[in-house]
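Asker: Below is the structure I would like to discuss, written out as structure tokens.
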Amino acid sequence: MSSPSPLTPPALTPQDLGVGARFTVAVMDGDFAAILLAALAGADATGLEVETDPVSTLVRGSEQRVLEYIAAVIAGAARGGQHVTASLLLSRGCPGEVTCSTTPGLLAEAAPVPVLAPTGIRASAHWSLYPLDDTGRPGEAPDHLRDIYAAIDHAKELGTYVRGEHYATLLEGDLADVLGTVAAGWVLVGRSVQHVTSHATLSIASPTTVVAASVTDSKAV
């Protein structure tokens, strides 16, 4: 008689893993309130925890669904052609949030990089990535710049990288590709660092045009 197989521990939920985002969208239009409320109402929130307050909207759920929802809201606000900006904060690995305790087995729960459908909306973004690595990996000392450089190299491969700026990296492309780049750095670093946050400020239909730099190999982020 074969011995019973050991019990499989339950999969960690996005809430267990501390996966979530806060974002704020601004529309440069006199009817901004109606535009923003319509964009929020038109985005599919299935499987997500969504809370909007006077400052920002909190979204919690899987990485894929969080990014799909944010992309839908920003795209919905930008469909009218007005100048739109959005501030986005992503976080993974801080399930306690207020106390910010980490979850055992967190790194084993590797999420796939979110894939977003093209929107046809061109966006620019200043993006910053923060691998909060206090302990390092087995046999390696903490090195946040190693992970930042890897994320920037990935952005170059995706074709959204424009140049390094002071305190940020400039991205440009379809809104889906820009958000996908931000999410890729966040998710990929999260496979080896317990707590990762990423911040991006996006701009759509800005009166200022992005000018490519003569040197494109900077690794500032």
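Asker: Could you tell me the accessible area of His126 in Å² (1.4 Å probe, neighbours in place), rounded to the nearest ten?
Answerer: 80 Å²
Asker: Further question: On the protein heavy atoms, probe 1.4 angstrom, tell me the percent of accessible surface of the stretch 37-77 carried by carbon and sulfur.
Answerer: 59 percent
Asker: What net charge do the residues around Ala38 carry, taking every other residue with its C-beta under 11 Å from that of Ala38, with Lys and Arg at +1 and Asp and Glu at -1?
Answerer: 0
Asker: Could you tell me the calculated FRET efficiency between His166 and Ser56, based on Cβ-Cβ distance and R0 = 35 angstrom, to the nearest 0.05?
Answerer: It comes to 0.90.
Asker: Here's something else I'd like to know. Taking 0.36 nm per intervening residue step and subtracting the Cα-Cα distance, what contour gain separates Leu37 from Ala117 on full extension?
Answerer: 26.6 nm
The values are calculated or read from the model by the stated rules, or taken from the named source; none is laboratory data. The structure presented is a predicted model; accordingly, all values stated were derived computationally and were not measured. No Cβ is skipped: glycine too gets one built from the backbone with ideal geometry, and neighbour counts run over all protein chains shown. Just so you know, the surface numbers come from the protein's heavy atoms only, side chains and all, with ligands and any DNA or RNA stripped out. Shrake-Rupley method; radii C 1.70, N 1.55, O 1.52, S 1.80 Å.
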